[in-house]
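What follows is a single structure, written as structure tokens, with notes after it.
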Amino acid sequence: MRAIEPWVLEPLRTFVDESSARLTLLTTSSGQVVAQHGFQGAIDLMSIAALGAGIVASSTEIAAQMGWIPFRVVAHQGRAQAHLLSWFDTPRGRWVALVVFGSETKLGLVQVFMEQLVKDLVAATPPEAPEKREVLAADFERELNASLRALFGR
Amino acid sequence: MSAGFEELLEGLTHMRGVKGALLVSAEDGIPVSGALVEEEQAPALAALAATLLARVRDLTTQTGHEAPRFLHLQAADGLLLLAPASNELIVVGVAGREALIGPLRLEMLRIAERLH
């Protein structure tokens with residue numbers, strides 16, 4: 001389990017232990033990875049983060065176009081495993097959680113502990129937000145590499 | 001569909017000491033129908049009930065016994081009762097200490113039988 005921000009680790013560890021999730025990925029709504037559990041390859045992780053952010057954006061837009069209350073959860077159930085995509089607001093903006101789980105747990109259980117994870121993350125968020133800076137291409141590449149190192153120990 | 005399920009559970013919810021009754025999807029652990037006095041607890045109760053039943057099913061199967069027909073958990077302040085209705089649904093009852101277990105058990109098994 002690895003996280004860009006260390007305060008995310010404890011709530012995430014509790015969630016993984018309680019829900020028996022096989023894989024968990026936390027990202028911002030723009031697809032920037034915040035933390036992960038169980039993923040092995042950087043390329044897969046970044047692709048999945050981007051796809052998850054795309055699903056959140058398109059689901060939110062469908063609800064807006066139809067005048068519905070915005071969706072917050074998408075669940076796909078497969079024969080051997082399933083995934084839950086959930087998005088929620090934190091003091092650091094909107095985050096997205098992707099959880100992959102198997103027959104050792106249940107969708108309802110993952111949802112219940114996801115609600116708890118959101119509460120725990122909100123409670124654990126440090127009071128002061130990081131300083132906002134202008135984003136430069138050089139900074140972006142350096143930060144991306146630092147994030148990958150933090151997430152995969154490379 | 002859900003209205004029919006509610007009707008089915010109505011007798012159970014009016015029994016002495018019953019605090020709530022749910023029909024739960026066994027596969028997902030999600031409430032399908034029912035009512036609890038503390039309604040916000042329904043998702044957690046459904047998820048935990050389905051997980052518990054799956055674990056007990058595994059245990060009984062691995063020890064060479066049949067899948068359980070009824071589970072009765074006695075806590076300090078009340079009861080949690082589970083009756084698997086089929087491979088898809090579980091009848092869940094929550095009751096206080098004043099509940100009469102015999103009639104409650106019979107009613108839950110009757111509901112489970114009707115859902116088969």
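What follows draws every value from the coordinates through simple rules; no lab data is involved. Note that the structure is predicted; figures quoted are calculated from it, not measured. Positions of Cβ are generated from backbone atoms using ideal geometry, with glycine treated the same way; all protein chains shown enter the neighbour counts.
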Identify which of B:Arg55, B:Arg105, B:Arg16 has the largest mean-square fluctuation in a Gaussian network model of chain B, with springs joining Cα atoms closer than 10 Å.
B:Arg55
Distance from a point 7 Å along Cα→Cβ of A:Gln77 to each backbone N in the range A:4-35: keep the residues under 20 Å and list them by number.
A:19-23
Among A:Gly54, A:Gly31, A:Gly67, which one shows the biggest mean-square fluctuation in a GNM of chain A, springs joining Cα atoms closer than 10 Å?
A:Gly67
State to the nearest 20 debye the size of the charge dipole of the range B:2-115 about its Cα centre, where the only charges are +1 on K and R beta carbons and -1 on D and E beta carbons.
440
Report, in debye and to the nearest 20, how large the dipole of the range A:2-152 comes out about its Cα centre when Lys and Arg carry +1 and Asp and Glu carry -1 on their Cβ.
300
Looking at chain B as a GNM with Cα springs under 10 Å, which of B:Leu106, B:Leu89, B:Leu80 has the largest mean-square fluctuation?
B:Leu106
Positive-pole candidate from A:Gly78, A:Val34, A:Ser59, dipole of the range A:1-117, charges at beta carbon
A:Gly78
Projected label distance in nm at B:Leu109 and A:Glu61, using a 7 Å step from Cα toward the beta-carbon:
5.7
Can you give me the span-like helices of chain B, meaning DSSP H runs with 24 Å or more of Cα extent along the axis and Kyte-Doolittle mean at or above 0.5?
B:42-62
Rounded to 0.05, the calculated FRET efficiency for the beta carbons of A:Thr125 and B:Glu39 at R₀ = 35 Å is 0.75
Students often check this: by mean Cβ neighbours within 10 Å, which of A:118-124, B:96-102, B:21-27 ranks highest, and how do the rest follow?
B:21-27, A:118-124, B:96-102
Using helices alone, what [θ] at 222 nm do you get for the protein assembly as shown, with -39,500 (n - 2.57) per DSSP H run of 4 or more residues, divided over all residues and rounded to the nearest 500?
-14500 deg cm²/dmol
If I require 24 Å or longer along the helix axis, counting alpha carbons, and a Kyte-Doolittle average no lower than 0.0, what helices from chain A are left? Use full DSSP H segments.
A:42-66, A:107-124
At a Förster distance of 30 Å, what's the computed FRET efficiency of B:Asp77 paired with A:Ser20, Cβ-Cβ distance as r, to 0.05?
0.60
Put +1 on the Cβ of each Lys and Arg and -1 on the Cβ of each Asp and Glu in chain B; which of B:Leu104, B:Ala21, B:Thr63 then has its Cα farthest toward the positive end of the dipole?
B:Thr63
